[in-house]
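> Below is a structure I'd like to ask you about.
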Amino acid sequence: KKEDKVVEEKKTTTSTNNSGGRIFASPLAKKIASDKGFNLSDISGSGENGRIIKKDVENFTPAAAVQAAPVTASSVAVGVESSEEVKNSQMRKAIAKSLGNSKFTAPDFSLNIEVDMDNAMASRKTINAIPDVKVSFNDMVVKACAMALAKHPQVNTSWSDANTIYYK
């Protein structure tokens, strides 16, 4: 059994990082990482040429990596994302540049409005009367924004120097 254990340790010592390159770590750091169950590719090295040393493994906290996985698993969005890229013309680039310049030189101000939420409150009360359903006002605002973006897709865009991306 000792021979099997040695073979397994040799397999774990030839680790690679995400880009397919070899991870440089001291033998002691590899041993400590394997004992604690850490993946060497998650640990950043502070030694010579980014080599992972004992101090890096001892100071490594995998809590951030462990907590990140459940969050993404529990917040799976339903639906299909699609987008369309349109190449920017020279005119559109010039307009965007001048608008950007005016944004930084013009004074910034905010507008506040009052909204009559009586109908929203009544709707929320009716919806929340259904068992196992809890709807907040924020949920209603997000839904209204989603509906407005679906109705006016030209507003739901991203700008880059080469393209404008229209999200559908």
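The values are calculated or read from the model by the stated rules, or taken from the named source; none is laboratory data. Treat the numbers as computed from the prediction; the structure is a model and nothing was measured. Counting neighbours? That spans all protein chains shown, and the Cβs are built from the backbone with ideal geometry, glycine included. Note: accessible area is taken over every heavy atom of the protein model, side chains too, but ligands, DNA and RNA are not part of it. Shrake-Rupley method; radii C 1.70, N 1.55, O 1.52, S 1.80 Å.
> Can you figure out the FRET efficiency of Lys93 with His152, using R₀ = 25 Å and their beta-carbon distance, to the nearest 0.05?
Result of the calculation: an efficiency of 0.60.
> Something else now. Would you mind checking the pairs Lys93/Lys151; Lys125/Lys151; Lys143/Lys168; Lys103/Lys151; Lys30/Lys54; Lys134/Lys168 and listing those with alpha carbons more than 20 angstrom apart?
Values: Lys93/Lys151 26 Å; Lys125/Lys151 27 Å; Lys143/Lys168 15 Å; Lys103/Lys151 27 Å; Lys30/Lys54 8 Å; Lys134/Lys168 28 Å.
Over 20 Å apart, Cα to Cα: Lys93/Lys151; Lys125/Lys151; Lys103/Lys151; Lys134/Lys168.
> Okay, next question. What FRET efficiency do you get for Val86 and Phe109 if R0 is 22 Å and r is their Cβ-Cβ distance, rounded to the nearest 0.05? Walk me through the numbers on the way to the answer.
Numbers: r = 32 Å, r/R0 = 1.44.
Using R0 = 22 Å, I get an efficiency of 0.10.
> If you roll a 1.4 Å probe over the heavy atoms of the protein chains, what accessible area per residue do you get for the range 76-134, in Å²?
On a per-residue basis, the range 76-134 sits at 99 Å².
> In terms of the Cα gyration tensor, with a ≥ b ≥ c the square roots of its eigenvalues, is the range 72-158 rounded because a/c is under 1.5, prolate because a/b exceeds b/c, or oblate?
Cα axes put the range 72-158 in the oblate bin.
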